[in-house]
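The values are calculated or read from the model by the stated rules, or taken from the named source; none is laboratory data. Owing to the predicted nature of the structure, the values given are computational and were not obtained by experimental measurement. Quick reminder, even Gly has a Cβ in these numbers, built from the backbone with ideal geometry, and neighbours come from all protein chains shown. Quick note on the areas: whole protein, heavy atoms, side chains included, nothing else; ligands and nucleic acids left out. Shrake-Rupley method; radii C 1.70, N 1.55, O 1.52, S 1.80 Å.
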Amino acid sequence: MSQSGYLFLGLTAIVAGLSAVLAYAVLRIFAAARAATRDERTSGSETAFMAAAMEEAVRKLRDGERAMKARAEASERLSGEIVASLTSGLLVVDRDGIVRTLNPAGQTMLGLPGNRSEGPYREVLKDAGPLADVLEECLRTARPVVRRAVPLTGGAASHLGLTVSPIREDTSGETHGVICLFSDLTEVMELEEQLRLKDSLARLGEMTAGIAHEFRNGLATIHGYGRLLELERLPLDFRPYVQGIRDETEALGQVVTNFLGFARPTELALAPVEMAALVERAADEIRADVRARGGDVTVSGQFGRVEGDEVLLRQALSNLCRNAFEACDQAGIVPRIVIEGHWDEVHLRISVSDNGPGVPDNVADRVFRPFFTTKAQGTGLGLALVQKIVVTHNGRVTVTNDDGGGARFVVTLPASIRPVSSVGALPVKLA
């Protein structure tokens, strides 16, 4: 073989080697490209999975947050409904003396408007000083106050029963406020007062009945001897004295009779009583006298039916009406007497008011005592008998002075059955 043949073979071998190398390189490049594509697909799947997992976690967190918020709102709403629905008063004061909570029942008992339910407790409770004093005691001593009764003025309740407890932190035990629960004891205190009054009246009757009997026997003897003395056979100078003895013994005998009637235990003949008709009859008893002096008597409002003794209840109302007329008459005032009824399914309140001089403050707490009177000719048993009759019917009677002048007597009785309108608000006027 010639030299050119060997050269051709050598070049062919070189070209074949270079082609093999090139083919190998191309194959490696394609293999690397396929591997890179596969890795890229795997990485994209992992990224998508991570993103989906993160999104699911965020969604669950948001759902949990919404559920927690809903539970918190529901719990807060339930707490508010419980506090608002309590029939007892609830008062919360923090360590700085700021009222944080005062429920509607508490506001009603204390007579507070809604805009005065927050702020320093001394300002919020400025009309309820005894309650503020108990709160101050608990804040100062950090000791609970249990079952204490305090009086109030100006609110719907006249007496409160309360319990005050300090609010302590669980970890340190430090006091950071007080919580007070209180209830209206007005009816309980009034019931206790009625029981005390009934007991006092019973003891008074037992103690004085025997004395009054003996006193009446002596008066009867004096009166008998006075009647035996014939005025025509006595000197003219002595006749007025004997007549005076007769008159005084008769007057004293009537006083003793009235007192025995007051001291005697009252036995009620209970029956349903239509108070509207009874009030009208009591008003009719004074209408003629009121007309004669140019005044009027007005009956208005709603009256209920009560279980009571009709005769005794009429006597009590007649005494109140007569007392109102006499107060105006003795003061020289044209009488204006108003009888009003109010029925609220629990109590029947009957008020008898006049335009007279009223009841002086220094005697207001004594007007119902036996033999106490401010009248020149009074026996002091009329209002005492009213109180006895009303208390025997498990009621109460109070007296106040109206802003425009005059006295107002209010009889409160347990109501029953239904309200009955008055027989007519009929003013009686003298033309």
* To do: Kindly provide the set of residues from region 88-136 that are open to solvent by 40 Å² or more (accessible area, probe 1.4 Å), without any contact (Cβ under 8 Å) to a residue 60 or more places away in the chain and assigned to a loop (DSSP other than H, G, I, E, B), ordered by number.
  => ASP96, GLY111, PRO113, GLU118, LYS126, ASP127
* To do: Restricting attention to region 343-360, report how many residues are touching a residue at least 24 places away in the same chain (Cβ under 8 Å) and either closer than 20 Å to ALA331 by Cβ or small (Gly, Ala, Ser) (or both).
  => 9
* Asked: Does at least one position in region 243-258 carry a residue that is more than 30 Å from VAL391 (Cα to Cα), at pLDDT below 80 and open to solvent by 70 Å² or more (accessible area, probe 1.4 Å)?
  -> no
* Mind listing whichever residues of region 323-342 are part of a loop (DSSP other than H, G, I, E, B), touching a residue at least 40 places away in the same chain (Cβ under 8 Å) and surrounded by fewer than 21 Cβ atoms within 10 Å (Cβ to Cβ)? => VAL334
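Looking at ARG71, ARG66, ARG62 in this structure, which one is under 30 Å from ALA105 (Cβ atoms), among the basic types (Lys, Arg) and free of Cβ contacts under 8 Å to residues at least 12 places away in the same chain?
Values: ARG66 fails: under 30 Å from ALA105 (Cβ atoms); ARG62 fails: under 30 Å from ALA105 (Cβ atoms).
The unique qualifying residue is ARG71.
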* Structure fact -> Residue pairs within 8 Å by beta carbon, gap of at least six or interchain, first lying in region 391-413 and among the basic types (Lys, Arg), second modelled with pLDDT under 85, listed first then second, are ARG396/GLU190; ARG396/GLU193; ARG396/GLN194; ARG408/ASP402
* Asked: Only one of these conditions is not met by ALA142: (1) modelled with pLDDT of 75 or more; (2) within 21 Å of the chain's Cα centre (by Cα). Which number is it?
  -> (2)
